[in-house]
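Here is the structure we will look at, set down as structure tokens.
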Amino acid sequence: MSEERNLTGRWTGVYFYPVDPELNPDDDLPPTPFTAELRDGGGHVTGTTLEPDVFGAPDAPPIPATLEGSRLDGQLTFTKFPNGGGQVHSIDYIGSISGDGNSVSGQWIIHGEWSGTFRMQRKVAPVSASRKVETALRT
């Protein structure tokens, strides 16, 4: 088995809504972008997310959420707890972690209602930026 990759860091992603006869009959709900800050302590993953309120008014504030889950055997599982946008449900995510640990793709589930897919990528600093930070820290 390959070495497990720590997932701590900043991530960007998008999730997709499925076609649904009641909730999305015309398949017109847009892909929803999000940002995430993850903290991975030995496989226990916590963090926060922020996403636009696609169901709210055009000037609706973004929806923050907390998350808690785990990383094990190349899988990331977590539950997201939104705090806004009229959302009163939690959302479960399960995804496969890429070999380099910089992307995750999988499924989100609102139990008893619906599910869809998601993907997210780690925001990796360019090597030149990392070297500038290292140099600044040494001086």
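FRET efficiency for the Gln75 to Asp27 pair, using the beta carbon distance and R₀ = 22 Å, is estimated at 0.15. The angle between the Cα long axis of helix 127-138 and the longest principal axis of the Cα atoms of the chain comes to about 50 degrees, rounded to the nearest 10. Placing unit charges on each Cβ (+1 for Lys and Arg, -1 for Asp and Glu) gives the chain a dipole about its Cα centre, and among Ser105, Phe34, Leu7 the Cα reaching farthest toward its positive end belongs to Leu7.
Count charges around Gly85 for me, please; just the other residues with Cβ under 14 Å from its Cβ, Lys/Arg as +1, Asp/Glu as -1.
Net local charge, Gly85 excluded: -2.
Taken over the range 1-115, the alpha-carbon convex hull comes to 107 cubic angstrom per residue.
Taking Rh as the Kirkwood radius computed over C-alpha pairs, what is the Stokes-Einstein D of the range 57-111 at 25 °C in a medium of viscosity 0.890 mPa s, expressed in µm² per second?
Values: Rh = 12.5 Å.
Estimated diffusion coefficient is 196 µm²/s.
Note on His111: accessible area approximately 130 square angstrom, rounded to 10, probe 1.4 Å, nucleic acids and ligands left out.
The values are calculated or read from the model by the stated rules, or taken from the named source; none is laboratory data. Quick caveat, the model's predicted, so the values are computed rather than measured. We place every Cβ from the backbone using ideal geometry, glycine too, and count neighbours over all the protein chains shown. Please note that ligands, DNA and RNA were not included when accessible areas were found on the heavy atoms of the full protein model with its side chains. Shrake-Rupley method; radii C 1.70, N 1.55, O 1.52, S 1.80 Å.
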